[in-house]
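Engineer: I'd like to ask you about the structure that follows.
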Amino acid sequence: MMSNTLDHELSSVTLYVSRRFVFTNRESQIYELLILRGLSNREIADALVISEKTVKNYISNMIEKTSSDSTRKMMAIGFQAIAF
């Protein structure tokens, strides 16, 4: 099960974005899986043993926290972190 080990596997990009936008632990996990590993909402839900609707709610909260209007813009924030 991925959720037990994921906390120790967050990338430096995810850690940077998570701290910058004050993501919860679960939001950080979802950011890692969605943005950096490219998993679908269904795959994230399965990996974290939560519903797909819950994943969508977390993503909506993350989009709001980052003042983005899409997951693509959240991805761009991650790429900007890599560039600096």
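The values are calculated or read from the model by the stated rules, or taken from the named source; none is laboratory data. All values derive from a computational prediction rather than experimental measurement. Each accessible area value is taken on the protein alone, full model and side chains, heavy atoms only, with ligands, DNA and RNA left out. Shrake-Rupley method; radii C 1.70, N 1.55, O 1.52, S 1.80 Å.
Engineer: Which whole-number value in Å² is the accessible area per residue of the chain, probe 1.4 Å?
Structural biologist: Details: 5050 Å² over 84 residues.
For the chain, the solvent-accessible area averages 60 Å² per residue.
Engineer: Would you kindly compute the Cα radius of gyration of the chain and its largest Cα-Cα separation (Dmax), both in Å?
Structural biologist: Every Cα atom of the chain included, Rg and Dmax give 11.7, 35 Å.
Engineer: For the chain, give the percent of accessible area contributed by carbon and sulfur heavy atoms, probe 1.4 Å, rounded to a whole number.
Structural biologist: On the way: 2600 of 5050 Å².
Exposed carbon and sulfur together represent 51 percent of the surface.
Engineer: Give me a comma-separated list of calculated 3J(HN,Hα) values for region 26-40, in order, Karplus coefficients 6.51, -1.76, 1.60 applied at θ = phi - 60°, integers in Hz, x for any Gly or Pro.
Structural biologist: Values per residue, Gly and Pro as x: 5, 4, 4, 4, 5, 4, 4, 6, 6, 7, 9, 10, x, 6, 7 Hz.
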